[in-house]
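These notes are about the structure you will find just below.
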Amino acid sequence: MSQMNTKDFVIGTLIGSIVGACSALLLAPKAGKELREDLSEGAQSAKIKTSEFTNEAYEKGSEWANRAKDKSSELAKNVTDQSYQIYDRVKGVAGSASNSNAEKTADELANELSEDLESEEERVNDDVRDLHASASEESDK
């Protein structure tokens, strides 16, 4: 009885496949040659669009890298300038300080340096935020 069910199943599958294939050929909207041509054109179109997208992504990536490089160079220059200014202040205060009020001058100098460093830290954070915002705006386009 098991062989009979298997045999019937195989015959049913073959007949169903043949009927399905004939139906697909009869009901197809285009001939095989036309369908292959359409598929080929679609593949070419997809290839061109992918190439354009790749080129655009490469250009945007290069543009962002150049912006980041420019901003980091500008940031490094600002930090260097600030450090030279702080060095000059320290040198000036150290040269003008007398032994009697050296402790007071050192405290004042420490406060000034702390304020300068805080302002420079804010400036650097602002530059980084601007760079991040610029990159986000570009990626939204």
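Nothing in this text is a laboratory measurement; each read-out follows from the coordinates by a stated rule. In this text, all values refer to a predicted model and were calculated from it rather than measured experimentally. Here the Cβ is made from the backbone with ideal geometry for all residues, glycine too, and neighbour counts use every protein chain on show.
Quick one: Cα convex hull volume of the range 28-71, Å³ per residue? Display every interim value, and only then the final one.
Details: hull volume 2.0 nm³, N = 44.
Looking at the range 28-71, the number lands at 45 Å³ per residue.
What distance in nm separates the simple spin-label points at residue 43 and residue 83, each placed 7 Å from Cα in the Cβ direction?
Going by the 7 Å Cα→Cβ label model, 5.9 nm.
Show me the ranking of peptides 7-18, 80-91 by mean Cβ neighbours inside 10 Å, starting with the highest. Mind dumping the intermediate values first?
Values: 7-18: 10.0, 80-91: 12.1.
So the order, starting with the most tightly packed, is 80-91, 7-18.
How far, in nm, would the chain grow between residue 115 and residue 35 when pulled straight, counting 0.36 nm per residue and subtracting the alpha carbon separation? Mind dumping the intermediate values first?
Details: separation 80, 0.36 × 80 = 28.80 nm, distance 7.38 nm.
Length gained, residue 115 through residue 35: 21.4 nm.
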